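Student: So that we are looking at the same thing, I have put the structure below in structure tokens.
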Number of protein chains: 2
Amino acid sequence: MSAFQKLIAHSKKVSHFDHLASIVGWDQAAVMPAGGAEARSNAIAELDVHIHSLMTQPHLGDLFAQAEEEPLSINEKAELREMKRDWQQSNLLPEALVQAQSLAGSKCEHAWRTQRGDNDWTGFEKNWAEVVKLSIEEAQIRAEANGTTPYDAMLDIYEPGTTSASLDTLFADVKTWLPSMIDEAIEKQRSSNILLPNSHYPTEKQKALGLEVMQLLQFDFDHGRLDESVHPFCGGVPTDVRITTRYDENEFVQSLMGIVHETGHARYEQGLPKSLADTPAGQARSMGIHESQSLFFEMQMGRSQAFIEHLARLATNHFDGPEFAKANLAKIYTKVEKGYIRVDADELTYPAHVILRYEIERDLMNGVIQHTDVPELWNEKMKTYLGLSTEGNYKNGCMQDIHWTDGSFGYFPSYTLGAMYAAQFMAAMKKTVDVDAAIFSGDLTPIFTWLGDNIWSKGSLLSTDDLVSQATGDVLNAEHFKTHLENRYLR
Amino acid sequence: MSAFQKLIAHSKKVSHFDHLASIVGWDQAAVMPAGGAEARSNAIAELDVHIHSLMTQPHLGDLFAQAEEEPLSINEKAELREMKRDWQQSNLLPEALVQAQSLAGSKCEHAWRTQRGDNDWTGFEKNWAEVVKLSIEEAQIRAEANGTTPYDAMLDIYEPGTTSASLDTLFADVKTWLPSMIDEAIEKQRSSNILLPNSHYPTEKQKALGLEVMQLLQFDFDHGRLDESVHPFCGGVPTDVRITTRYDENEFVQSLMGIVHETGHARYEQGLPKSLADTPAGQARSMGIHESQSLFFEMQMGRSQAFIEHLARLATNHFDGPEFAKANLAKIYTKVEKGYIRVDADELTYPAHVILRYEIERDLMNGVIQHTDVPELWNEKMKTYLGLSTEGNYKNGCMQDIHWTDGSFGYFPSYTLGAMYAAQFMAAMKKTVDVDAAIFSGDLTPIFTWLGDNIWSKGSLLSTDDLVSQATGDVLNAEHFKTHLENRYLR
């Protein structure tokens, strides 16, 4: 057996334990009773330790050195690159730092759950100081290994190959047109009447409708399920993808489009290359590309007129009410509104929330600002980008997200990168696929064939830049996103 | 850290991986889509290999030798005994035999699923020959280590301390009175009119009723769930017990009493000593004691007049129909009928099915008979015990159960041992608890307190014989079971 083959066998072994982690993770979020939590945490911690010990076995370094001398095909080289990346990520941080981060993150997040409601910045800041300090330590260790700035090293965890130089360029462009576009769209919608949800929408009916929408989206129910959880997510494994949603019986808007969003994630997982299953090159490319698929489903396809007609048609199987009329549904799903809260933001204002966070976390990791500067910076940027003040309003300002409480700095850009990738994929797809006709017909196969061929089946064989270039003929640029938003909100 | 403490830490580590196995096992049976099966099998196989490697670590032998020299409390000694037993069981069989058994068992069971329907003894016999041969090999290795007969060594896997000498005595007694008692009961019921289920019983209503019955039985929903699966079982972990049932919308009889049965298993798990969680002495004592709890719930308590009144009362929340009248429900749940199929058998005929299997598997493992002798012996014994011929009827004869297809010889006696233990526990409980009054009142606390104090909280601290003696003042004898059956079926 060659060193490369030994590394593949080792990856598959690790992947089997990752499988267990995914399933018990789903179980914890979707079905586990509260009283099971403590024993479950202990079991998961044991599993994490075991996976970490597998990833840090001393003989792996020699195997990587040997494998790099072996004659490998292009795909095998990609596999080796991804395996090595995973191995380096696992071996980079001292055990003591990982443990300190885990403790500080848990403490900060746990306290945050009440501090946020109390608008208690002073209390939060005390715990968060430690989280930020340890994350900067992490960023510096990673930066030294990668030869990048600290923030770029954090970005690399979620978006391999993406740099703040490229994000600065992309976002600088967006900032030139986004604030005025938001104002213009709001002005344009001012006189429009929307009928908002105003009835009782039983969970069972919402679920039945959601399942029909998943069928339209060709979700493979032989390899996945729909369930409920407090925070919707896409979990499980590629052969058994578990998506969840949350039902609010006073409205249907969130759960319905939430299911479309998670189905996008799920189809990506279900479409990953089976021949590379259980190895790193067979996994999704990055958080941003993952989000591009959920946002392709939710925004590019899901909010198109043709798709909303399907939603309106399917809704009549379960509900009657003028709020489900297609023109009204379209208005609901394209309403633009400036707000404080990112997770409630619409397609148009969402990038403003992300750019704000990106600029702050970049400067925080690079030591340009201190964590105590964050509330003031947040307030300034909210005023600039969305015209809203958050002075003294921490709960709806810099304390609103969970991401920073446990040190996930570098994650936020993925959301808007995903939206941009999605727009660029749609523009490229339209060169060869009659997308509107396909959606209108109700047989979305041509769309999924394009995504399958160009994105899903590639796994992590290509770098993100190569994946995007090969699929669209160009590296990422914000132009397609801008055109998409203009067409939807200003025409 | 003493050797004993190291062994405890090691047991807890193994237990955390067992936790993962339990949860993904539940998932596989209760919620996993079919397409997830292959990847799941690979993940579970990897986990099994890892658990086995933990249990066979070479340094454990030294730790056991050292721990036996350390000063230990009575409970610690029990813990050491149980840990050592688990360790010995894991180290006894050569890897090659375990793998051969796994292959032969899978092959035989898989083919059996169609061969049974085809009544294809010739086809089955070819695969089964290998299963029996390997099980005899296993039994002989175990026998040599335990200093017992081969069959007693197999019995010891499920019922530590139980021997065929004691079973021969118990069952010889039962055989003197059971066949005539069955005839007498059937004769007594001949003129009785029963209204059988004859309507449509929606799953949702059956489930709602089942949940109410579980509440009456004080199932802790903060530490467990009710779900559905093809083969009902009790799984999960003590802090999160997963029971399942199967609904047939043409009847309610099976699912309703099935839930009572599984709740008995679940309360035992939920009542195990928390201070010994994740260690062998904190686990259930044996298969027979586990079955004693489910049968205490299902037979001793669940089929009592007072309990059936509760079932009739709760049923009116969901169903109306004369079949739910308490007198009719009592008739349904105490109907005696001679039949071919063990899993469909009633309380009174069930022991005949078990004794038949016990006598055959005992002689098979001890080399007294050959596997080709089984159909004829089955037919003879069915005629003797239940007056039914299975000549040429393999599918409803010796091919009916899954147990022997994968080599689980020694398991069957647990069912009837459980029924006998349950009767003896009830007789003992009645000395200090007014059981009928407790059931009648709907507050079953006094019953559960007795079971908690005498059985559940003991885990595996005592041997089975000591557990039964301390709880009832006597070792197991069949007299209580006989008296119980006489009172229920002949009075």
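The values are calculated or read from the model by the stated rules, or taken from the named source; none is laboratory data. Fair warning: this is a prediction, and the values are worked out from it, not measured in the lab. As a convention, Cβ positions derive from the backbone with ideal geometry for all residues, glycine included, and neighbour counts pool all protein chains shown. Accessible surface areas use protein heavy atoms only, side chains included; no ligands, DNA or RNA. Shrake-Rupley method; radii C 1.70, N 1.55, O 1.52, S 1.80 Å.
Student: Show me you know the interface measure: the accessible area buried between A and B, both chains summed, probe 1.4 Å, in Å² to the nearest 100. Kindly include the intermediate steps, with their values, before the conclusion.
Tutor: Numbers: alone 21770 and 21800 Å², together 40900 Å².
Heavy-atom accessible area buried at this interface is about 2700 Å².
Student: Run the reach check for A:K338 against lysines, Cα to Cα strictly under 19 Å, same-chain hits fewer than 8 apart removed. What comes back?
Tutor: A:K175, A:K188, A:K381, A:K383, A:K395, A:K482
Student: Can you give me the long-range amide H partners of B:E251? Hydrogens built in the peptide plane at 1.01 Å from N, cutoff under 5 Å, separation of 5 or more residues or another chain.
Tutor: Residues meeting the criterion, in which the H sits 1.01 Å from N, are B:Y201.
Student: From the residues B:T405, B:V468, B:W177, which one has its Cα farthest along the dipole of segment B:108-491 in the positive direction, the dipole being from +1 and -1 charges on Cβ of Lys/Arg and Asp/Glu about the Cα centre?
Tutor: B:W177
Student: What are the ³J(HN,Hα) values, in whole Hz, obtained from phi via the Karplus relation 6.51 cos²θ - 1.76 cosθ + 1.60 with θ = phi - 60°, for each residue of segment B:447-458 in sequence order, with x given for Gly and Pro?
Tutor: Couplings: 5, 5, 5, 4, 5, x, 5, 8, 10, 4, 6, 7 Hz.
Student: Got the A:D434 label distances to the other copies yet, label 7 Å along Cα→Cβ, in nm, shortest first?
Tutor: 8.4
Student: Going Cα to Cα from B:K84, which lysines come in below 26 Å? Please leave out same-chain ones fewer than 8 positions away.
Tutor: B:K6, B:K12, B:K13, B:K274, B:K458
Student: Can you compute the helix-only [θ] at 222 nm over chain B? Use -39500 (n - 2.57) per DSSP H run of at least 4 residues, normalise by all residues, nearest 500 deg cm²/dmol.
Tutor: Details: 20 runs with 300 residues, N = 491.
Calculated mean residue ellipticity at 222 nm is -20000 deg cm²/dmol.
Student: Among DSSP beta bridges lying fully in the protein assembly as shown, give the percent that are antiparallel, nearest 5.
Tutor: Close to 50 percent.
Student: Moving on to the next point. Can you give the % of DSSP beta bridges in chain B that are antiparallel, to the nearest 5? Mind showing how you got there, number by number?
Tutor: Values: 5 of 10 bridges.
Of all bridge pairs located within chain B, approximately 50 percent are antiparallel.
Student: Which order do you get for B:C234, B:C108 if you rank them by accessible area with a 1.4 Å probe, largest at the top? Numbers along the way, then the final one.
Tutor: Working: B:C234 40, B:C108 0 Å².
The ranking, largest first, comes out as B:C234, B:C108.
Student: Let me ask something else about it. Would you tell me which residue of chain A has the beta carbon closest to the rotation axis bringing chain A onto chain B, and how many whole Å away it is?
Tutor: A:L20, 3
Student: If one computes the Cα centroid of segment B:296-345 and of segment B:134-184, what distance in Å separates the two points?
Tutor: A separation of 32 Å, based on Cα centres.
Student: Taking the Cα centre as origin and putting +1 on Lys and Arg beta-carbons and -1 on Asp and Glu beta-carbons, what dipole magnitude results for chain A, to the nearest 20 debye?
Tutor: Numbers: 43 positive and 70 negative charges, 159 e Å.
Dipole magnitude for chain A comes out near 760 debye.
Student: Two decimals is fine: what is log10 I(q)/I(0) at q = 0.22, 0.31, 0.33 Å⁻¹ for segment A:11-61, from a Debye sum with one equal scatterer on every Cα and no solvent?
Tutor: Taken in order of the listed q values, log10 I(q)/I(0) reads -0.80, -1.18, -1.24.
Student: Taking the Cα centre of segment A:168-231 as origin, sum charge times position over the Cβ atoms of Lys and Arg (+1) and Asp and Glu (-1), and report the length of that vector in debye to the nearest 20. Before the final figure, lay out each step's value.
Tutor: Working: 6 positive and 11 negative charges, 58 e Å.
Charge dipole of segment A:168-231: 280 debye, to the nearest 20.
Student: Once Rh is set to the Kirkwood radius over Cα pairs, what Stokes-Einstein translational diffusion coefficient, in µm²/s, holds for chain A at a temperature of 37 °C and a viscosity of 0.692 mPa s? Spell out each step's value before the answer.
Tutor: On the way: Rh = 23.9 Å.
For the chosen part, D equals 137 µm²/s.
Student: Using a 1.4 Å probe on the protein heavy atoms, what percent of the accessible area of chain A belongs to carbon and sulfur? Kindly include the intermediate steps, with their values, before the conclusion.
Tutor: On the way: 10390 of 20430 Å².
Carbon and sulfur: 51 percent of the exposed surface of chain A.
Student: While we're looking at this one, here's another question. State in Å² the accessible area per residue of chain B; use a 1.4 Å probe, count heavy atoms of protein chains only, and round to the nearest integer. Walk me through the numbers before you get to the answer.
Tutor: Numbers: 20470 Å² over 491 residues.
Computed with neighbouring chains in place, this is 42 Å² per residue.
Student: What does the structure give for A:25-33 when I average, per residue, the other chain Cβ atoms found within 10 Å of the residue Cβ?
Tutor: Values: counts 0, 2, 8, 2, 0, 1, 9, 6, 11.
Mean partner-chain Cβ count within 10 Å for A:25-33: 4.
Student: Next question, about the same structure. Taking the Cα centre of chain B as the origin and placing charges on Cβ (Lys, Arg +1; Asp, Glu -1), which of B:F297, B:L47, B:P58 is farthest toward the positive end of the dipole?
Tutor: Of the listed residues, the answer is B:F297.
Student: Related question: Taking Cα centroids, how far is segment B:56-117 from segment B:424-491 in Å?
Tutor: 31
Student: For segment A:207-223, what does the Karplus curve 6.51 cos²θ - 1.76 cosθ + 1.60, with θ = phi - 60°, yield as ³J(HN,Hα) per residue in whole Hz, taken in order and with x for Gly and Pro?
Tutor: 5, 4, 5, x, 5, 5, 5, 4, 5, 4, 8, 6, 4, 8, 6, 6, 10
Student: Please list the non-local residues whose amide H lies under 5 Å from the amide H of B:V241, H modeled 1.01 Å from N, same-chain partners needing a gap of 5 or more.
Tutor: Amide H to amide H, under 5 Å and 5 or more residues apart or across chains, B:V241 pairs with B:G224, B:R225.
Student: Which whole-angstrom value gives the distance between the alpha carbon centres of segment B:196-275 and segment A:25-51?
Tutor: Segment B:196-275 and segment A:25-51 have Cα centres separated by 23 Å.
Student: For label points placed 7 Å from Cα toward Cβ, what is the shortest-first list of nm distances from B:E187 to its copies?
Tutor: The projected label point of B:E187 is separated from its counterparts by 10.1 nm.
Student: While we're on this one: Please give the average number of partner chain Cβ atoms lying within 10 Å of the Cβ of each residue in A:103-111, rounded to a whole number. Write down the numbers at each step before the final one.
Tutor: Details: counts 0, 0, 0, 0, 0, 0, 0, 0, 0.
The per-residue average across the peptide is 0.
Student: Can you work out ³J(HN,Hα) from phi for every residue in segment A:265-277, in order, using Karplus 6.51 cos²θ - 1.76 cosθ + 1.60 and θ = phi - 60°, giving whole Hz and x for Gly and Pro?
Tutor: 4, 5, 5, 4, 4, 5, x, 4, x, 5, 5, 10, 4
Student: Treat every Asp and Glu Cβ in segment A:1-92 as -1 and every Lys and Arg Cβ as +1, leave all other atoms uncharged, and give the resulting dipole magnitude about the Cα centre to the nearest 20 debye.
Tutor: Details: 8 positive and 13 negative charges, 14 e Å.
I would put it at about 60 debye.
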